[in-house]
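Peer 1: My questions all concern the structure below.
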Amino acid sequence: MAHTELDLRARRAIEDMLDAKVPVSKIAAEIGRHRSSIYREIKRNGFEDDELQELNGYYGIVAQRKASKRRARRRKLVRLEDLRAHVVTQLKIGWTPEQIAGRLGLDGQPVRGSHETTYAYVYSREGQSQQLARHLPSRRKKRQPRYARRPRGQVFPPDRSIHERPDYVKTRETFGEWEGDLMIFERSQGTMNVASLVERKTRFAVLFRNNDRSATHFIMVLMDVMEPLPQPARKSITFDRGFEFRAWRNLKSGIGTDSWFYDPQAPWQKGSVENLNKRARRYLSRDTQLAALSNRNMKAICDRLNGTPRKCLEWRTPTEAFK
């Protein structure tokens with residue numbers, strides 16, 4: 001079935017059903033769309049005002065205006081004949097969309113457009129009919145998604161799966177095998193979070209604040225924390241498949257620590273760190289102001305966790321077992 005844009009009638013129906021507290025899945029069935037399309041419509045075209053938050057919500061007429069404006073921007077080269085002719089001419093002589101966009105003012109064009117405007121036109125129905133893609137440096141007939149993620153099978157290869165991890169790690173026979181995770185807090189904290197690590201045999205816990213969720217930053221901080229330990233105390237760490245851990249290869253080359261990964265959506269495979277997170281939440285609730293937490297605060301929390309006797313250690317503390 002050909003894709004069609006939502007019209008004002010459909011958007012008013014969505015508004016009425018939202019007001020009546022109808023579930024999104026039923027709204028989607030009622031107007032013949034997938035529920036993800038309805039969620040996306042509400043998020044993209046809803047009304048938001050920081051000063052009048054009580055009015056925030058979804059309004060059909062407002063949504064229609066926002067969609068119309070977005071569509072008009074997207075089709076700038078369809079609407080403006082002179083601009084379109086100039087862009088197409090420059091494409092055919094070998095200029096890139098970035099070069100064309102950067103020169104519009106210098107070339108006397110009264111209307112500006114970004115390189116994304118050109119790419120959108122090139123891969124639109126009109127641009128494809130003129131075979132404009134063959135004039136791009138890449139010459140791709142279809143455009144690759146912007147910011148496309150690499151398949152997780154490449155980021156976390158099968159040979160690093162928990163199923164390939166040595167059995168002695170699972171049975172806690174050896175020392176120096178860790179589990180790692182991130183404790184996430186309220187959205188108002190921004191990208192800040194707390195990394196949690198637990199040594200599987202002794203249940204020794206390490207917590208540290210992570211100010212940036214980028215993979216490179218996280219792994220650099222993790223190496224700084226783990227490097228002071230002797231090599232036998234940091235043989236491996238098992239993570240989940242969150243993209244914060246995608247720079248895992250740096251651990252092996254940097255401090256000689258192996259990495260393993262749990263299956264997606266399998267929290268039962270990381271029971272030790274899940275248990276640590278649950279106990280740490282007594283001191284780090286989701287509304288904790290992380291920016292105010294000093295290194296001394298974090299160490300005090302770790303000392304309390306590691307100084308508590310554990311039944312699984314025959315009532316020794318993790319600190320005693322670790323030493």
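None of the figures in this text is laboratory data; all of them are computed from the coordinates on show. Remember, predicted model here, so these are calculated numbers, not experimental data. Neighbour counts are summed over all protein chains in view; Cβ atoms, including those assigned to glycine, are modelled from backbone coordinates with ideal geometry.
Peer 1: Can you work out D for the stretch 247-315 in µm² s⁻¹ from Stokes-Einstein, where Rh is the Kirkwood radius over C-alpha pairs, the temperature is 20 °C and the viscosity is 1.002 mPa s?
Peer 2: After rounding, the answer is 143 µm²/s.
Peer 1: I would also like to ask the following. Residues with beta-carbon under 12 Å from that of Glu244, excluding Glu244: net charge, scoring Lys, Arg +1 and Asp, Glu -1?
Peer 2: Neighbourhood net charge equals 0.
Peer 1: Right, something else. Is the shape of the stretch 181-323 rounded, prolate or oblate, going by the alpha carbon gyration tensor and its root eigenvalues a ≥ b ≥ c, with a/c under 1.5 for rounded and a/b larger than b/c for prolate?
Peer 2: It is rounded, given that a/c, with a ≥ b ≥ c, falls under 1.5.
Peer 1: Return, for the Cα atoms of the chain, the radius of gyration and Dmax in Å, separated by a comma.
Peer 2: 27.1, 81
Peer 1: Sticking with this one: Below 14 angstrom from the Cβ of Ile14, what's the summed charge of the other residues (Lys, Arg +1; Asp, Glu -1)?
Peer 2: +4
Peer 1: Quick check: from the Cα gyration tensor, does the stretch 183-229 come out rounded (a/c under 1.5), prolate or oblate?
Peer 2: Oblate shape, in that a/c is at least 1.5 and b/c is the bigger or equal ratio.
Peer 1: Grab the beta carbon distance between Ala20 and Thr308, set R0 = 56 Å, and tell me the FRET efficiency rounded to 0.05.
Peer 2: Between Ala20 and Thr308 the formula returns 0.65.
Peer 1: On to the next question. With a ≥ b ≥ c taken as the square roots of the eigenvalues of the C-alpha gyration tensor of the stretch 1-95, please select rounded if a/c is under 1.5 and otherwise prolate if a/b is larger than b/c or oblate if it is not?
Peer 2: Verdict is prolate for the stretch 1-95.
Peer 1: In percent, what relative contact order does the stretch 8-72 have, based on Cα pairs under 8 Å that are 6 or more apart in sequence?
Peer 2: So the answer I get is 35 percent.
Peer 1: For q = 0.14 Å⁻¹, what log10 I(q)/I(0) does the stretch 76-135 give under the Debye formula with an equal point scatterer on each alpha carbon and no solvent?
Peer 2: -0.31
Peer 1: Which residues make up the longest stretch of the chain that has no GluC sites (Glu not before Pro) in a DSSP loop with at most 15 other Cβ atoms within 10 Å?
Peer 2: 187-313
Peer 1: Here is a follow-up. Describe numerically, in nm with one decimal, the distance between label points set 7 Å from Cα along Cα→Cβ at Gln289 and at Leu8.
Peer 2: That separation, rounded to one decimal, is 4.9 nm.
Peer 1: Where does the charge balance sit around Gly271 when Lys and Arg score +1, Asp and Glu -1, over other residues with C-beta under 12 Å from its C-beta?
Peer 2: Here the count lands on +3.
Peer 1: Expected output is a single nm value to one decimal: the length gained when fully extending between Glu274 and Thr216, i.e. 0.36 nm times separation in residues minus the C-alpha distance. What is it?
Peer 2: 18.5 nm
Peer 1: List, in the order given, every pair from Lys235/Lys278; Lys201/Lys299; Lys43/Lys270; Lys142/Lys252 whose Cα-Cα distance in the structure shown is over 29 Å.
Peer 2: Lys43/Lys270; Lys142/Lys252
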